[in-house]
Amino acid sequence: MAYIWWSLPLTLLVFFAARRLAQKLNMPLLNPLLVSMVVIIPILLLTHTPYEHYFSGSKILNDLLQPAVVALAFPLYEQLHQIRARWKSIISICFIGSVTAMVTGTAIALWLGATEQIAASVLPKSVTTPIAMAVAQSINGIPAISAVCVIFVGILGAVFGHTLFNTLKIKTKASRGLAMGTASHALGTARCAEMDYQEGAFSSLALVICGIITSLLAPFIFPLLMQMFG
């Protein structure tokens, strides 16, 4: 497959420039991922560059995603003493959060007139992309639509999550991290890791647990929702 040499340096330049701008201005809307999309997509359209060519040129970044996710286990390991002491609460929170995310998203989609296939694609919106795509495929959804929903939800959490926590005066690091990881998966976790080391640890824990819970429960919850709202 053809590729363009400038896709990798363009991606890195835009991302780090956006990150520096976000740190300098301290504005949640200037999320580096969101800014990168806003800048790079028009460039690809103006230059008539196929996405496949752009992706091939910067594929190394995609390959680094897996070790980057694995690296989230390190802060998790350092918080094991707190996790052992609170494991019942953590499991309960992640279970309730996962079920709520699946039920509300799917129910709203069906209420708005979505087809069964679209509703199945929306259901795993609050887990990381590879899990969401696999879950969507297992319940006859469209993995590509699930991936878009995951990105959208992740950006919302990364941009507005901490503002909401502050407004509601939620200050406990464990609570903030678990909420973000449950609702906004890897993007929310990355934001938590930037804000506070301990928040990032609990967010990465919720990311993993919610992914497992969603994978196990989705094939059972979706048919029930279709009977209720379909």
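Evaluate E = 1/(1 + (r/R0)^6) for HIS81 and LEU217, where r is the Cβ-Cβ distance and R0 equals 35 Å; express this FRET efficiency to the nearest 0.05.
So, using R0 = 35 Å, E works out to roughly 0.75.
Using 7 Å Cα-to-Cβ label points, what is the MET226/ILE96 separation (nm, one decimal)?
3.0 nm
Hey, what number do you get for the chain at 222 nm if only DSSP H runs of n ≥ 4 count, each worth -39500 (n - 2.57), divided across all residues, to the nearest 500?
-27000 deg cm²/dmol
Rounded if a/c is under 1.5, else prolate if a/b beats b/c, else oblate: with a ≥ b ≥ c from the C-alpha gyration tensor eigenvalues square-rooted, which is the chain?
Oblate.
Report relative contact order for the chain in percent, whole number only (criteria: Cα-Cα under 8 Å, sequence separation at least 6).
Reported as a whole number, the value is 20 percent.
Along its three principal axes, how long is the stretch 7-63 when you only count alpha carbons? Whole Å, largest extent first please.
34, 25, 14
Excluding residues fewer than 8 places away in the same chain, name every one of the lysines whose C-alpha is closer than 18 Å to that of LYS88.
LYS173
For the ranges 122-135, 161-174, what's the packing order if you count other beta-carbon atoms within 10 Å of each residue, average per peptide, and put the highest first?
The packing order, highest mean first, is 122-135, 161-174.
Which helices, counted as full DSSP H runs in the chain, have an axial Cα extent of no less than 24 Å and a Kyte-Doolittle average of 1.6 or above?
Helices meeting the criterion: 143-167.
Using a Cα-Cα cut-off of under 27 Å, which lysines could be cross-linked to LYS59, ignoring same-chain neighbours fewer than 8 residues away?
Once the sequence-local lysines are set aside, what remains near LYS59 is LYS125.
Report the gain in length on full extension from VAL70 to LYS169: 0.36 nm times residue separation, minus Cα-Cα distance, nm rounded to one decimal.
Extra length available between VAL70 and LYS169 comes to 32.5 nm.
Coordinate-derived values only; no laboratory data. Computed from a predicted model, the values in this text were never measured in an experiment. Cβ: placed from backbone, ideal geometry, glycine included. Neighbour counts: every protein chain shown.
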